[in-house]
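For reference, the structure is listed below as structure tokens.
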Amino acid sequence: MTIDPKRWYPVAASDDLPQDHVYQTRLDGRPVAIWRAASGDVNVWDDRCPHRGVRFSVGYVIGDELRCQYHAWRFASGSGSCTHIPAQPDAKPAAAIRAQTWPVRERGGLVWTGITPEGEPAVPIDGAVLRAIPVNRAIEDVEPALKAIPDAAFILQPVDTERCVIRGLAAPERTYAIDAMLERLRLTLETV
């Protein structure tokens, strides 16, 4: 599967981003790192430091910056610009040194991103965020099966061609029952 570059996709729940935590996931086979700056802004970046390619998801959030684990280079929230290189503490990093950033919105308790999404994310209903359910099946296999689960709205995160994550919203009093239905659905889909 290749994602629609103009569409928004949910890649995390807002609750997946506690203070100082870097969340790791994939979208269409691409590793992404998601983190919340001290300012509250959410960032979605390629999970790869431009210096030596180390995963940002093993780095540290320091205020409004993300520090790479390998050489401790720091990158600014929002722009992804390199702000500090410890080996050259008095030099201003070149403007070309920056993390690859993705567009991001936080809506309906979910973090949304895409390649060049248009408009705003379409939050299907106002409700509580369901537990993310990873499924080892392609979206095309999972999507029709979700129609049998009532009282919820689902949005699928394409991890790669053979895996996806079911993300959804439901009335707070229904989340436990729907989580149980989704887990049974996952087991059924993965054993077929």
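Read-outs throughout are calculated quantities, based only on the coordinates presented, and are distinct from any laboratory measurement. Quantities reported herein were computed from a predicted structural model and do not represent experimental measurements. All Cβ positions, even for glycine, are placed from backbone atoms using ideal geometry, and neighbour counts span all protein chains on display.
Data for the structure
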{"item": "Rel. contact order, % - alpha carbon contacts under 8 angstrom, at least six apart, the chain", "result": "21 percent"}
{"item": "Histogram of C-alpha separations across the chain, 5 Å bin width, %", "result": "1, 8, 16, 18, 17, 15, 10, 7, 4, 2, 1, 0, 0"}
{"item": "Against the rule of thumb 2.2 N^0.38 Å, how large the Cα Rg of region 9-105 comes out", "result": "1.00"}
{"item": "Angle in degrees between helix 175-191 and the longest Cα principal axis of the chain, rounded to the nearest 10", "result": "90 degrees"}
{"item": "Centre separation in Å (Cα based) which lies between region 121-151 and region 16-64", "result": "24 Å"}
{"item": "Total formal charge among the other residues, if their Cβ is under 11 angstrom from that of SER81, Lys/Arg +1 and Asp/Glu -1", "result": "+2"}
{"item": "Cleavage-rule hits, trypsin sites (Lys or Arg not before Pro), region 21-55, DSSP coil, Cβ neighbours within 10 Å at most 10", "result": "ARG52"}
{"item": "Helix-only mean residue ellipticity at 222 nm for the chain, each DSSP H run of n ≥ 4 adding -39500 (n - 2.57), per residue, nearest 500", "result": "-4000 deg cm²/dmol"}
